[in-house]
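Right, one structure below, let's go through it.
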């Protein structure tokens, strides 16, 4: 259930800007053609909706073990849904080559499907152990990445492959 161009000079970095920005954006309506729109739509929230065969086990794992706070839950004779807060959300779109590279760095081989869920946590190694005790399968222990993070990879409930990432420890001063 869900709720209803860049410019640069040689001296400055490229900073993306919205294609068409307005001080007071007006809503985009369905009857407007793209050419008639003076403002791009604004996304207020992204939800990753997962269908779980064992709903209770998935809710327990992600809410009670991983610690995602419950925002809302709905139940009817037609089914149930729980909405969990997961902090800030981003949509990361990688081409196949980059996805394969990420898998090699984190796991050593290609293992992810076309969707993988990544959670930033305080300590990826410790969180991976806690999730494994709750039934997740560790595919790779926390590993240092070229992105200065420590990433662990797991298979979690509801068929989700998870990356847990945290800041890599600072290198000692020489």
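Which of the residues spanning region 113-122 are in a loop (DSSP other than H, G, I, E, B), in contact with a strand residue (DSSP E or B) (Cβ under 9 Å, 6 or more places away or on another chain) and either surrounded by fewer than 18 Cβ atoms within 10 Å (Cβ to Cβ) or on the phi > 0 side of the Ramachandran plot (or both)?
If the condition is that a residue be in a loop (DSSP other than H, G, I, E, B), in contact with a strand residue (DSSP E or B) (Cβ under 9 Å, 6 or more places away or on another chain) and either surrounded by fewer than 18 Cβ atoms within 10 Å (Cβ to Cβ) or on the phi > 0 side of the Ramachandran plot (or both), then 113, 115, 122 are the ones that fit.
I'd like the full set of residues that are touching a helix residue (DSSP H, G or I) at 6+ places or on another chain (Cβ under 9 Å) and surrounded by fewer than 16 Cβ atoms within 10 Å (Cβ to Cβ), limited to region 145-157.
Result: 145, 146, 147.
For residue 72, all conditions in the list (1) exposed (fewer than 11 other Cβ atoms within 10 Å of the Cβ); (2) not in a loop (DSSP other than H, G, I, E, B) hold save one; what is the number of the exception?
For residue 72, the failing item is (1).
Could you list, in sequence order, the residues of region 91-108 that are in a loop (DSSP other than H, G, I, E, B), at pLDDT below 95 and either more than 14 Å from residue 163 (Cβ to Cβ) or in contact with a strand residue (DSSP E or B) (Cβ under 9 Å, 6 or more places away or on another chain) (or both)?
91, 92, 93, 95
What about residue 131, is it modelled with pLDDT of 95 or more, part of a loop (DSSP other than H, G, I, E, B) and within 21 Å of residue 155 (Cβ to Cβ)?
no
So residue 125 clears everything in (1) outside any helix (DSSP H, G or I); (2) over 15 Å from the mean Cα position of the chain (by Cα); (3) within 21 Å of residue 61 (Cβ to Cβ) except one condition, right? Which one?
Of (1) outside any helix (DSSP H, G or I); (2) over 15 Å from the mean Cα position of the chain (by Cα); (3) within 21 Å of residue 61 (Cβ to Cβ), only one is false for residue 125: (1).
The values are calculated or read from the model by the stated rules, or taken from the named source; none is laboratory data. Here the structure is a predicted model, which means the values were calculated and not measured. Glycine also receives a Cβ, built like all others from the backbone with ideal geometry; neighbour counts cover every protein chain displayed.
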